[in-house]
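One structure is given below, encoded as structure tokens.
The values are calculated or read from the model by the stated rules, or taken from the named source; none is laboratory data. Computed from a predicted structure; not experimentally measured. FYI the Cβ positions are ideal-geometry reconstructions off the backbone, even for glycines, and counts take in every protein chain you see.
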Amino acid sequence: MVEHTIRSLLREGVILLRESGCPSYILDAELILCHILDMKRIDIIKYRDRVLGEEEAVDFFRLVEERKKGKPIQYITGCQEFMGIDFCVRENVLIPRPDTEILVEKTLELLKGKEKLRIADVCTGSGAIAVSLAYYIPHAYVYAADISEDALECCRRNIERHQLGRRMKLLRGDLLEPLFEEGLEGKLDALVSNPPYISKKDMDSLPTGVRCFEPHLALYGGREGMDFYIRILKDADKLLKKGGLLAFEIGYDQGRALKKIIQDHGIYKDVRIEKDLAGLDRIVYCYLEE
């Protein structure tokens, strides 16, 4: 029987992942081993000469094989950091992206100083947006809505992990329907969403790890990628208070189109496009006229 140490196992994992073309082969090998051993990255350096059991080695190589096939590291380890918070993630639920932090940060900025807020996050997925808003706004009550039971179960775990159950509520249903069923007409200070917005042409060019492993239900936004924005905008004004905030994450080239759609409704003011650090469209936000 081959005796493995943390050092030797990492070395073999790095070689396997590098040969498979994995771009972050060192980090991924470390994260997989940390997951197997329930250790932090600093610990696998500190205890690199620790001898491991055969079962631990078998589990490590099994997960390395999954990563070689393109499975996202977040689905392998079951976690992802977002807004400085650790989130549980699972298969069939969209992995939180750093780009989405821009939507959360802007919403926090725009709501700063307001009291007793009611906020709804539609298409919540893992709850990255909703949980982050509840976490950083202690006086807010946040509704997290999604049609996917897998997503809601994942969000539930994240609510429990951060002890936010008293200030959050999960709602299952199609887009705005569960908010109306909850009786929230005219009661929301803010409605935010990162809906599916990938167009038909862009779906085919997504990276393998996204296209083959992440849920198309949370990605595909119709032929032009605008279907869900149009559906949400149809009734969003009925849920918002006068002067309430409406904010969306958008695709890199969708800012002008969505801004026009919102302006054409004639009931929103101060429609703004916010770009990310790369200078690409990232969010659109506005306010319901008072």
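Just one of the listed residues (GLU160, GLU109) is assigned to a helix (DSSP H, G or I), exposed (fewer than 15 other Cβ atoms within 10 Å of the Cβ), under 18 Å from the mean Cα position of the chain (by Cα) and not hydroxyl-bearing (Ser, Thr, Tyr), namely GLU160. Cβ separations smaller than 6 Å between residues 6+ apart or across chains give the following pairs from the stretch 193-216 residues that are within 25 Å of GLU105 (Cα to Cα) to residues that are β-branched (Val, Ile, Thr) and in a strand (DSSP E or B): SER193/VAL122.
Look at the stretch 126-142: where a residue is in contact (Cβ under 8 Å) with a residue 12 or more places away in the chain and assigned by TED's automatic domain parsing to the domain that holds VAL104 and a partner is among the β-branched types (Val, Ile, Thr) and assigned to a helix (DSSP H, G or I), sitting 6+ places away or on another chain with Cβ atoms under 6 Å, you get ILE129/VAL104; SER132/VAL104.
Please work out which residue is farthest from ARG48 (Cα to Cα), limiting yourself to the stretch 4-30 and to residues that are touching a strand residue (DSSP E or B) at 6+ places or on another chain (Cβ under 9 Å) and of a type in the set (A, V, I, L, M, F, W, C). Step by step, filter the stretch 4-30, then rank; the result is LEU9. Across the stretch 163-179, the qualifying residues are those that are at positive phi and in contact with an Asp or Glu (Cβ under 9 Å, 6 or more places away or on another chain), and the one among them that is surrounded by the fewest Cβ atoms within 10 Å (Cβ to Cβ) is GLY173.
When the test is whether a residue is among the aliphatic types (A, V, I, L, M) and under 28 Å from ARG156 (Cβ atoms), ILE32 passes it. Quick one: ILE129 ticks every box in (1) assigned to a helix (DSSP H, G or I); (2) hydrophobic (A, V, I, L, M, F, W, C); (3) under 18 Å from LEU184 (Cα atoms) except a single one, so which number is it? In the conditions (1) assigned to a helix (DSSP H, G or I); (2) hydrophobic (A, V, I, L, M, F, W, C); (3) under 18 Å from LEU184 (Cα atoms), ILE129 misses (3) alone.
Take ARG211 and decide whether it is at pLDDT below 95, farther than 17 Å from ALA145 by Cα, of a type outside the set (Val, Ile, Thr) and more than 22 Å from the chain's Cα centre (by Cα). In short, no. Annotation: of all residues in the stretch 258-288 being surrounded by 13 or more Cβ atoms within 10 Å (Cβ to Cβ) and part of a loop (DSSP other than H, G, I, E, B), the one that is nearest to the chain's Cα centre (by Cα) is ASP276. Just to be sure before I move on: is GLY70 of a type in the set (Gly, Ala, Ser) and over 22 Å from ARG157 (Cβ atoms) in the structure I sent? The answer is yes for GLY70. Residues in the stretch 43-68 that are modelled with pLDDT under 90 and among the β-branched types (Val, Ile, Thr) were compared, and the one that is farthest from the chain's Cα centre (by Cα) is ILE45.
Residues considered: ARG18, ARG41. Of these, the only one that is farther than 21 Å from CYS79 by Cα and among the charged types (D, E, K, R) is ARG18. Checked against the criterion of being part of a helix (DSSP H, G or I), in contact (Cβ under 8 Å) with a residue 24 or more places away in the chain and either under 30 Å from LEU233 (Cα atoms) or not hydroxyl-bearing (Ser, Thr, Tyr) (or both), the stretch 72-82 contains one or more residues that satisfy it.
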